[in-house]
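Just so it is clear, none of the values below were taken in a lab; they were calculated from the coordinates. Keep in mind it's a predicted model, so treat the numbers as computed, not measured. All Cβ positions, glycine included, derive from the backbone under ideal geometry; neighbour counts span all protein chains shown.
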């Protein structure tokens, strides 16, 4: 996908930095702001009752290009948006000097849930049309309300549960693992009541590594297959589903349809129907689980131990 | 003696000192003068000590005897240099036949222009005169040719030196080769580079000609550090680097004294050349020679002289103000490391060197003066080549300068919350007692550790700089073993009296760390000086100190919480990641390589699209989509009014058919205005490709 602008836009890069973060007027330790990752980790332990987060922003645009270009009445709008809550807000920053803007952006606890993208656009009057976007922040920031460290990545939650004692899972109490989903999260439940499962998966012994990896790959194949099908059923049109469903599809679709672009691959799900693509799903899930490598290692380890058994 | 009431009587002391100087210059004793004037020796003595002044007829006679112009006793003029009193005086070879073929102190250093600047500035900082004002350093590079060159050569009696330089340059030793090369280059190019190093608000070269004092320490002696107070060793080994920066080992000095010598302060001059042993016309010379007045009392030695303003001008040594301090003129300056050769490069080397060694001394607290200011300028034949640049610590070391500034202003914090916050931590250093202090106990010193996030775009983040005393950079090294996800930072350690706490332990730590510095002042380690001065365990204390510093830096920048996911077995962690996978560079599907276009008079988009295709036997069939971009929600689609193939494809209805194995194609399109959801001019257009079933096949 390529965009074409009907008016001149800025070529140079617009960079944004988060200079300081205050949680209800209490400054956050700088370690929670990661400049290289452009991430702010907001979740403070024992602090669920906050109301407002205030980000101090600083934006720099190429001044020389702005001076010589056909743009007038420049203004910078910082934006905060979250797909989960479909919340979008914008605030105008103050120009400190040509090509430099600063200001504060507020995020209210009630408006947000998980990862908020903080970005911004430079707008100007072009050819007598006011308020046209002439540049956007090259690398937006992410404010993560759930993460504890600024470097934490998105992933599927994994937890140990004794299925027999959990009312939601008791129906499958003899299974070693089970995937459960809500709109917010996908959870991989490992049955701590399943004899030996934990011992094998968390064994520190190097000799058991091939078994550990083969088992993990098997769990992952099951999990990715189930998650993909769950997510694919939600695809109605050309729109990407929200949250973990979109992420699962984005990871797996390139393996399902290697000769289609992501958007085009999404259309293929609608065209062919979930039932028509199951063989491809199995292939993509095995790839996510790194099955060939793990299983290969397991088989090689069997060859080594077999002569001794004889 | 009677008072004549004329000019002399107003200031008998000054007349006496002047007369004493003139006698010494002539090599005349008080009794010699008494005999010539037909007065008693006691009378001459009384004039010199200022107890009395001579009658006017005697004054005229004195001027005549001393070969001076009439009236010079009133104006206190010194002997005019044109009369040939100033000349080179070479030290004769040692009678035991010993030969010095180079200056050992100069070899102890890695020589480079930056190190010369560092040592000179360090010496000046140690000699700061008025503690409320900065020491001002000026470095002037000046390349001269033609008449300017000749006039300088006349002023420094160059022609008298040349035979000695040639004789010394004849040797095969390192120093000899350098001299020969220097002479050769000068003759070939007709260019001579001068480096002038000035300090203002420093003590200047005070003290007697030969006995202990700043003058003798700099001009007469090797390896005399004349140590006092917080000095890092003023004028010790370091001064050798000033001579080392000259191809000829030739330096002329003009000093304004903070403390008068022979009743005078301004324009105390002396020149010194450091040559190796050489033989000329059958006479063996030890090497060093001095430019100055002959000392009748000492064989082959020269005294400093009080120069006239014209001489100083000819020597390019006119000082910018009456503030005390010293100007060194390095004749035939070069960068011994070979790093810089042009004026511009040398300017850069000096500015960079001063910035990295003294940025902290250049930072001042609110409303205070910094310890030192420095500037560098480059000229060619009087014309400015690189304008005078004042070294700005905030420009060269933004994060570190901010840290020191915050410390001086007491605006440091205990935890980093802002990108420009500075954390202040206290690091203990146990200073063991000296070997000479029997029964003394170790003292604990608290050094100050400052940590601040690195400035944006910092090329060398995560480093620790250590300093003491006058806040000269002692070491600058990387901090390794940082926890993953640590904030990028700069750290500064202030130890000894640099902590400004003014505790007795600070002085003890200062002395301890000075002993731990090698001559280059670039590390704190177990030097011979340290192990011979301090009780057992000094090396261990130093190691502990260093270990603590690094550990404290690491913990100050570690991420707020360990990056750990509870519950998940580590083996499953990688397999459950939802992070987007980076797309491969070469894609397996057709992509829009370039899309350009504009809205025409009728409001329709006219677009030209280049497509990149993966090579494939089975021909690609694609439907181009034209959509209008939106912030969120579905993007409205527009129809094509017209599609035409430009290369490697053909149009069939609303799809494009591409030839097999083709790698690129171009088509153009015009949008259907009626299908636009908004006016074309008001929206951003997007072009996308969708794989289509080929209806025709």
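Details
- Whole-Å distance, taken between Cα centres, linking the range B:322-391 and the range B:598-656: 63 Å
- Note on residue A:65 and residue A:127: their simple-model spin labels are 2.0 nm apart, each label 7 Å out from Cα toward Cβ.
- Residues B:536, B:128, B:471, B:352, arranged from fewest to most other Cβ atoms within 10 angstrom of their Cβ, appear as B:536, B:352, B:128, B:471.
- With semi-axes defined as the square roots of five times the eigenvalues of the C-alpha gyration tensor, the equivalent ellipsoid of the protein assembly as shown measures 80, 36, 28 Å, largest first.
- Distance from the C-alpha centroid of the range A:1-32 to that of the range B:28-43: 89 Å, rounded to the whole angstrom.
- Counting only other chain Cβ atoms within 10 Å of each residue's Cβ, the peptide B:682-691 averages 5.
- Value of D in µm² per second that Stokes-Einstein yields for the range B:604-661, Kirkwood Rh from Cα pairs, at 4 °C (1.567 mPa s): 98 µm²/s
- Most fluctuating residue given options A:299, A:134, A:156, as computed from a GNM of chain A linking Cα atoms under 10 Å: A:299
- R0 of 30 Å, Cβ-Cβ distance residue A:75-residue B:593: FRET efficiency to nearest 0.05: 0.35
- With 0.36 nm allotted per residue and the present C-alpha distance subtracted, the residue B:435-residue B:411 stretch has 4.6 nm of extension available.
- Three-way shape call for the range A:157-303 based on the alpha-carbon gyration tensor, with the a/c threshold at 1.5: oblate
- Across every direction, the projection of the convex hull enclosing the Cα atoms of the range A:15-144 has a mean area of 8.3 nm².
- Restricting attention to the protein assembly as shown, close to 90% of DSSP beta bridges with both partner residues there are antiparallel.
- Centroid-to-centroid separation of the range A:189-249 and the range B:657-697 [C-alpha atoms, Å]: 40 Å
- Beta bridges per DSSP with both ends in the range B:397-557, % antiparallel, nearest 5: 80 percent
- Degrees separating the helix A:291-309 axis from the principal Cα axis of chain A, which is the longest one: 30 degrees
- Antiparallel bridges, percent of DSSP beta bridges restricted to the range A:157-303 (to nearest 5): 50 percent
- Cα long-axis angle, helix A:243-256 against chain A (0 to 90 degrees, to the nearest 10): 70 degrees
- Value of Rg/Rh across chain A [Cα atoms, Kirkwood radius]: 1.07
- Sorted by Cβ neighbour density within 10 Å, fewest at the top, the residues B:649, A:172: A:172, B:649
- On Cα atoms only, tilt of B:56-65 relative to the major axis of chain B in degrees: 70 degrees
- Residue-averaged beta-carbon neighbours from other chains (10 angstrom radius) around A:17-27: 2
- Estimated distance in nm for a label pair at residue A:272 and residue B:384, the labels positioned 7 Å out from Cα along Cα-to-Cβ: 7.3 nm
- Legend: ranking of residues B:57, A:166 from fewest to most surrounding C-beta atoms inside 10 Å; resulting order B:57, A:166.
- Mean projected area in nm² (Cα convex hull; one quarter of hull surface) for chain B: 52.3 nm²
- Taking every residue in B:414-423 and counting other chain Cβ atoms within 10 Å of its Cβ, the average works out to 5.
- Relative contact order %, chain B, counting alpha carbon pairs below 8 Å whose residues are six or more apart: 10 percent
- Mean Cα-pair separation over length for the range B:591-691, i.e. relative contact order, pairs under 8 Å, 6 or more apart, %: 37 percent
- Debye intensity ratio in log₁₀ form over the Cα atoms of the range B:397-557, taken at each q of 0.13, 0.15, 0.17 Å⁻¹: -0.60, -0.78, -0.97
- Across the range A:1-121, C-alpha contacts under 8 Å between residues 6 or more apart give a mean separation that, scaled by the residue count, equals a relative contact order of 26 percent.
- Hydrodynamic radius (Kirkwood) for the range B:591-691, which is based on Cα pairs only, to one decimal in Å: 14.0 Å
- Here the label points at residue B:529 and residue A:11, each 7 Å from Cα along the C-beta direction, are separated by 5.7 nm in the simple model.
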